[in-house]
Amino acid sequence: MKRFLTLFGCLLIGLFLRAQTGIPSFITDSLDIYVERALTDWQIPGVAVLVVKDNQVIVQKGYGFLESGKPEKVDENTLFMIASNTKAFTGTAMAMLEKEGKCSLDDRVQKYLPDFKMKDPWIAEHITLTDVMSHRIGMETFQGDFMYWESDLSSDEVIEKFGMLTPMYDFRTKWGYCNAGFLVAGKCLEQITGMTWDQYIRDNIINPLEMKRTLVLTADVAHAENIAAAHTLVNGELQVIPGC
């Protein structure tokens with residue numbers, strides 16, 4: 001199951017400037033030059049830039065285009081897929097739940113998912129919320145993560161099949177980036193709260209922060225407007241990623 005959180009800003013730049021009421025034109029001109037150069041150098045169709053100073057938004061601006069080869073331009077309200085940055089929301093949510101006394105990050109996964117399995121039963125029994133969110137469960141980076149990327153498997157089925165993989169490393173001995181670990185954390189969150197992952201994120205993070213141009217699930221994207229297409233390089237040529 002693919003879950004993406006979309007935000008209207010994909011780049012946050014902090015500028016440490018001398019106290020002043022506004023930004024001199026040479027600063028914004030320099031920012032424009034810097035961003036436009038980055039778009040060219042990194043072969044990026046478009047970005048939205050947000051600059052915050054002293055807790056005030058002083059620049060919010062779009063650069064480039066929603067899709068390579070098309071005329072629609074990015075603006076300050078354009079939605080972007082943020083992919084793995086959703087992990088920050090899941091981690092924040094789990095920390096909030098711990099602060100509220102509803103769980104501990106040292107809790108074992110099986111406390112919330114009794115049927116959770118790994119190839120080694122001992123690991124399955126001892127793996128904690130911290131383990132799955134710290135990328136230290138023994139998997140190589142991306143090991144098995146994309147096997148079911150375009151499948152119609154449910155999240156429970158993905159977790160079940162993920163547990164059949166043989167980790168490359170011993171438990172807690174090496175760091176290996178693992179998307180599936182956060183899927184497990186999200187399922188634990190649902191058991192802790194009695195809410196779906198997306199509803200909890202909306203009610204406890206998105207809505208309180210008044211992030212009104214933010215979507216939580218991929219399914220919501222089909223009904224939204226002003227969305228930047230995801231791109232990748234194929235043989236050096238920029239192409240749109242289907243379905244993103």
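Checked against the criterion of being more than 30 Å from Thr40 (Cβ to Cβ), within 23 Å of the chain's Cα centre (by Cα) and free of Cβ contacts under 8 Å to residues at least 12 places away in the same chain, the candidates Glu140, Glu157, Glu150, Glu100 yield just one match: Glu157.
Checked against (1) assigned to a loop (DSSP other than H, G, I, E, B); (2) surrounded by 15 or more Cβ atoms within 10 Å (Cβ to Cβ); (3) out of contact with any Leu (no Cβ under 9 Å at 6 or more places or on another chain), Ala229 passes all but condition (3).
Testing Thr232 on (1) in contact with a strand residue (DSSP E or B) (Cβ under 8 Å, 6 or more places away or on another chain); (2) within 17 Å of Ser134 (Cα to Cα), one condition comes back false. Which one is that? Of the numbered conditions (1) in contact with a strand residue (DSSP E or B) (Cβ under 8 Å, 6 or more places away or on another chain); (2) within 17 Å of Ser134 (Cα to Cα), the odd one out for Thr232 is (2). Kindly indicate whether any position in segment 180-202 is of a type in the set (Val, Ile, Thr), farther than 27 Å from Lys117 by Cβ and in contact with a helix residue (DSSP H, G or I) (Cβ under 8 Å, 6 or more places away or on another chain). Checked segment 180-202: no residue is of a type in the set (Val, Ile, Thr), farther than 27 Å from Lys117 by Cβ and in contact with a helix residue (DSSP H, G or I) (Cβ under 8 Å, 6 or more places away or on another chain). Scanning segment 202-218 for residues that are of a type in the set (A, V, I, L, M) and open to solvent by less than 70 Å² (accessible area, probe 1.4 Å), we see that the one that is modelled with the lowest pLDDT is Leu217.
Taking segment 177-186, which residues are surrounded by 18 or more Cβ atoms within 10 Å (Cβ to Cβ) and not aliphatic (A, V, I, L, M)? Result: Cys178, Asn179, Gly181, Phe182, Gly186. If you go through segment 89-112 and keep only what is at negative phi, out of contact with any Ser or Thr (no Cβ under 8 Å at 6 or more places or on another chain) and surrounded by fewer than 16 Cβ atoms within 10 Å (Cβ to Cβ), you end up with Thr92, Ala95, Met96, Lys99, Glu100, Ser104, Lys111.
The values are calculated or read from the model by the stated rules, or taken from the named source; none is laboratory data. Because the structure is a prediction, the values reported are computed rather than measured. Cβ coordinates were reconstructed from backbone atoms using ideal geometry, including for glycine residues, and neighbour counts include every protein chain displayed. Ligands, DNA and RNA are stripped out before the accessible areas are found, and what is left, the full protein with its side chains, is counted by its heavy atoms. Shrake-Rupley method; radii C 1.70, N 1.55, O 1.52, S 1.80 Å.
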